[in-house]
Amino acid sequence: MSSQMTIRDIAGLVDGRVICCEDRLSTSVEYAFASDLMSDVLTVDKENILLITGLTNLQVIRTSEMSDINCVIVARDKKVNDDMVRLAEENNIILVESPHSVFHVSGELYKAGLKPIY
Amino acid sequence: MQIRHKIAGGDFTRAGNVASAVKKILQQLNIDHKQSKRIVIALYEGEVNVVAHAYSGVVDVDIDSEKVRITISDKGPGIKDIEQAMEEGFSTATPQVREMGFGAGMGLSNMKRNSDFMEIRSVPGEGTLVELINYIRPDAS
């Protein structure tokens, strides 16, 4: 059984609001990683990963770009800024805001079958 | 192919611009994806280091048929003890750098992990030069 999930389904599970790249919601991911430390994200050497974070600055998008992360869920009801949206659009990174905590989002997605990277 | 970019110290809005430009070039050159990702991650970490610690820096990227050689040189405080700076967890980063999601003392060791060769030379009070080499072959896919 494949454990891949589409971003559309993922956004639904976390009551997410899709901020950009809505045309890419049928993209699927297999793994998720939750961190506010971009240094940790940069050590992940898996493909097909989704990032869950509570950090909202431009380096979240830059880190995702370098790590080939194609979707970021911004948890804790944090709001992304315009610069983040612009850079995410440039790099085809889907941004989703969720009102839930990182723990809540992680729990829902783990339960639904997304894999941890370790 | 040789490319040169400048980096301004302290300007976090632009940290990653060089790595982003280089990533696009490596994609155009059809460089093996795994190696290409290692190169851009090492370069991005290096760029963040210059922005976080130095006053200004220059990145030179030299691509030939066998390797990508990157040198990142900066004017800045330099590194007093390179061996200590290489230790995971050792950091002199400011709270501002930590707020950006960095400064955990993992940058240099991650640069080493993502390069085939890395050398650091530094003169305290003057600056630091990091050389990174990654060997490449055309993407088989």
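FYI, it's all coordinate maths here, none of it is from the lab. These numbers were taken from a predicted model, which means no experiment stands behind them. Positions of Cβ are backbone-derived with ideal geometry, glycine not excepted, and every protein chain shown enters the neighbour counts.
Put simply, of A:69, A:61, A:19 the only residue that is surrounded by fewer than 24 Cβ atoms within 10 Å (Cβ to Cβ) and either in a loop (DSSP other than H, G, I, E, B) or out of contact with any His (no Cβ under 6 Å at 6 or more places or on another chain) (or both) is A:19. When we screen B:60, B:81, B:74 for residues that are free of Cβ contacts under 8 Å to residues at least 12 places away in the same chain, more than 14 Å from chain A (Cβ to nearest Cβ) and not basic (Lys, Arg), the only hit is B:81. Scanning the range A:23-54 for residues that are among the charged types (D, E, K, R) and within 11 Å of residue A:71 (Cα to Cα) yields a total of 1. Residue B:21 falls short on exactly one of the conditions (1) more than 10 Å from chain A (Cβ to nearest Cβ); (2) not in a helix (DSSP H, G or I), and that condition is (2). Put simply, of B:108, B:132 the only residue that is assigned to a helix (DSSP H, G or I), under 14 Å from the mean Cα position of the chain (by Cα), of a type in the set (A, V, I, L, M, F, W, C) and surrounded by 15 or more Cβ atoms within 10 Å (Cβ to Cβ) is B:108.
Yes or no, residue by residue, for (1) within 19 Å of residue B:99 (Cα to Cα); (2) over 13 Å from the mean Cα position of the chain (by Cα); (3) without any contact (Cβ under 8 Å) to a residue 12 or more places away in the chain; (4) assigned to a helix (DSSP H, G or I):
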| position | (1), (2), (3), (4) |
| --- | --- |
| A:56 | yes, no, no, no |
| A:83 | yes, yes, no, yes |
| A:92 | no, no, no, no |
| A:106 | no, no, no, yes |
| A:109 | no, no, no, yes |
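Number of residues in the range A:24-64 that are out of contact with any Ser or Thr (no Cβ under 6 Å at 6 or more places or on another chain), facing chain B (nearest Cβ under 9 Å) and of a type in the set (D, E, K, R): the value is 4.
Residues in the range B:28-51 that are at the interface with chain A (Cβ under 8 Å from one of its Cβ atoms) and surrounded by fewer than 24 Cβ atoms within 10 Å (Cβ to Cβ): B:37 alone. Within the range A:1-16, being surrounded by 13 or more Cβ atoms within 10 Å (Cβ to Cβ) and among the hydroxyl-bearing types (Ser, Thr, Tyr) holds for one residue alone: A:6. If the condition is being touching a residue at least 12 places away in the same chain (Cβ under 8 Å), closer than 17 Å to residue A:64 by Cβ and not aromatic (Phe, Trp, Tyr), then the range B:1-17 contributes B:14, B:15, B:16, B:17. Applying the condition of being among the polar types (S, T, N, Q) and more than 12 Å from residue A:60 (Cα to Cα) to the range A:73-107 and asking which residue is surrounded by the most Cβ atoms within 10 Å (Cβ to Cβ) yields A:98. Does any residue of the range B:65-81 turn out to be within 22 Å of residue A:63 (Cβ to Cβ) and acidic (Asp, Glu)? Yes. The set of residues from the range B:36-89 being assigned to a strand (DSSP E or B) and either in contact with a His (Cβ under 6 Å, 6 or more places away or on another chain) or of a type in the set (Gly, Ala, Ser) (or both) comprises B:56, B:57, B:59, B:73.
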